[in-house]
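Written below as structure tokens is the structure these notes are about.
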Amino acid sequence: MKENGLQDTHADIFELYAEDPEKADRVVFGREPHGDRRGFLRGAGLATMGAVIGSAIPFHRNMPSGFIPEAIAANPVKIAGKDGLTVLNDRPVNAETPAHLLDDEVTPTARHFIRNNGIVPTDMDPAKWQLQIDGLVNTPMTLGIEDLKKKFEVVTQRLTIECGGNGRAFFDPPARGNQWTLGAVACSEWTGVRLADVLKAAGVKENVVYTAHVGADTHLSGKEGKLPISRGVPIEKAMNPSNLIAFAMNGGTLHPMNGAPLRLVIPGWPGSCSQKWLKRIWLRDVVHDGPKMTGSAYRVPDYPVSPGEKVPKSAMKIIHAMPVKSLITTPKTGLSITGRKLAVAGHAWAGDNEVARVDVSIDFGASWQRADLKSPANPYAWQRWSAELAFPEKGYYEVWARATDDEGTSQPFAIAWNPKGYLNNSMHRISVRVS
Ligand SMILES: Nc1nc2c(c(=O)[nH]1)N[C@H]1C(S)=C(S)[C@@H](COP(=O)(O)O)O[C@H]1N2
Ligand SMILES: [Mo]
């Protein structure tokens, strides 16, 4: 087991073969732009396959396109304490959860996605952990986890965290960054103290406009003192009573990859606001300018752009709330059924808003059927929806789901393209064959 929790190098290709052989095939074998036949293993693909296998492949010309070498098939990547996640990268570790494994109302720790920007800290001892609250406060504080539990009310909440880049893989033209498909989202049950209570105890000065969050992870370059990511939120958002400084996840300790032993959970906004391995909250009188706060990171154009359009930096504004979105978590896409009826279900969430309705379609959006929708367990918990479908005859169908928030905003069919691949809340669809 390597220090980062992965049991294998070249995790991306291994996992790609395990989860999406066709995509792996394209990556390794190269795509033939014309004709139905893919190329032979060659060039970069051959080198990659060789590196993964750990040696040259003398008879590589005989390997059929799409072939999964046994050495790869027999070696799926495992992250300790995680189950069924698709690993996108191993340095830093990034892994998402297939939609059908997100069916639980409360996402189990083993299924909570991982988005790391740097190297996970090695020392996560909760007994020694200290959180510093400083900057523009009346009383700077240093608090251990036991201090937090003693001094403040401990609360448990189901809170949705979604990466700002979830859905980036569907961008055309593509956007650089982790190619998340659907599963960089989760709603675990978090236990901790309210960020607002801690800030009030420290005494927020009049001139504070933004928080700045610092974690204990280190930069990929290994440069000392260089932070991989340090984001913040406007003080008004920071004071929302749903934000937690969390020391427990689903009734247990935080998973090491999800920020053990202490993290922020700022639901409804990009996951990047929820600093893991939390060491310091610094209150500032300017918009925080830490790594991934400036330039075009976590920013979208302040006007609609066409796909591929160049956007001046000055027009890129910081993302606040995440948009309304839903997932179909049951059944898994690609299902074949013999009857005419099918139960479908999933979750919906809407940034700082509540979801008001979910509709489903089996005819490519020509008509819609209203789904049953539950109220959230608490603010910022995703909401369970379900529907009973009846297919008129045999054939190929797609089930589409569309959530609408309490301001009347619905999920679009098309992606609102932006240069960095954020906020893809286009409708989720699954395929169903009825025979
Ligand atoms: N210290 C630290 N906090 C972090 C990150 C990180 O790389 N380092 N990644 C952020 C991003 S971009 C996201 S989407 C969430 C993901 O939380 P998770 O890995 O627990 O799912 O953590 C955020 N907090
Ligand atoms: Mo993220």
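The values are calculated or read from the model by the stated rules, or taken from the named source; none is laboratory data. Because the structure is a prediction, the values reported are computed rather than measured. Positions of Cβ are generated from backbone atoms using ideal geometry, with glycine treated the same way; all protein chains shown enter the neighbour counts. Accessible surface areas use protein heavy atoms only, side chains included; no ligands, DNA or RNA. Shrake-Rupley method; radii C 1.70, N 1.55, O 1.52, S 1.80 Å.
Computed values, structure above
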| read-out | value |
| --- | --- |
| Rg over Rh, two decimals, segment 218-364 (C-alpha only, Kirkwood Rh) | 1.05 |
| Karplus-derived 3J(HN,Hα), 6.51/-1.76/1.60, for each residue of segment 301-313, Hz, glycine and proline x | x, 8, 8, x, 10, 8, x, x, 5, 6, 10, x, 3 |
| Radius ratio Rg over Rh of segment 76-151, counting only Cα atoms, Kirkwood formula for Rh | 1.11 |
| Cβ-based charge dipole, the chain, positive-most Cα from P98, N166, S314 | S314 |
| Interatomic Cα distance distribution for segment 305-382, bins of 10 angstrom, percent | 13, 34, 27, 21, 5, 1 |
| Debye intensity ratio in log₁₀ form over the Cα atoms of segment 277-435, taken at each q of 0.12, 0.14 Å⁻¹ | -0.66, -0.82 |
| Selected from L101, L136, L342 as most flexible by GNM, with the chain as the system and alpha-carbon contacts under 10 Å | L342 |
| Virtual spin-label span in nm between N378 and R91, 7 Å along Cα→Cβ | 4.0 nm |
| Taking all pairs of distinct alpha-carbon atoms in segment 178-292, Kirkwood radius in angstrom | 14.8 Å |
| Relative contact order of the chain, defined on C-alpha pairs under 8 angstrom at six or more residues apart (%) | 14 percent |
| FRET efficiency, N207 to D289 (Cβ-Cβ, R0 25 Å, nearest 0.05) | 0.90 |
| Rg/Rg_ref, segment 344-395, where Rg_ref = 2.2 N^0.38 Å and atoms are Cα | 1.31 |
| Computed E for K341/A315 - FRET, C-beta separation, R0 51 angstrom, nearest 0.05 | 0.55 |
| Length added when fully stretched, R370-H219, from 0.36 nm per residue minus Cα-Cα | 49.6 nm |
| Net length gained if the chain between V154 and F59 were fully extended (0.36 nm per residue, minus Cα distance) | 28.0 nm |
| Links that overshoot a 19 Å alpha carbon limit, given the list K226/K276; K78/K276; K151/K237; K149/K292; K317/K420; K128/K279 | K78/K276; K151/K237; K149/K292 |
| Residue-normalised accessible area of segment 325-434, given per residue in Å² at a 1.4 Å probe | 45 Å² |
| Positive-pole candidate from S367, I415, P267, dipole of the chain, charges at beta carbon | I415 |
| Interatomic Cα distance distribution for segment 214-273, bins of 5 angstrom, percent | 4, 15, 23, 22, 19, 11, 4, 0 |
| MRE, 222 nm, helices only [DSSP H, n ≥ 4, -39500 (n - 2.57), over the chain, to nearest 500] | -3000 deg cm²/dmol |
| With every protein chain in place, segment 126-191: carbon and sulfur % of accessible area (1.4 Å) | 49 percent |
| Cα convex hull volume per residue for the chain (Å³) | 166 Å³ |
| Normalised per residue, the volume of the convex hull around the Cα set of segment 109-318 (Å³) | 126 Å³ |
| Inter-probe distance in nm under a simple model that places probes 7 Å from Cα toward Cβ, at A390 and E407 | 3.8 nm |
| Debye, to nearest 20: dipole size of the chain, +1 on Lys, Arg Cβ, -1 on Asp, Glu Cβ | 580 debye |
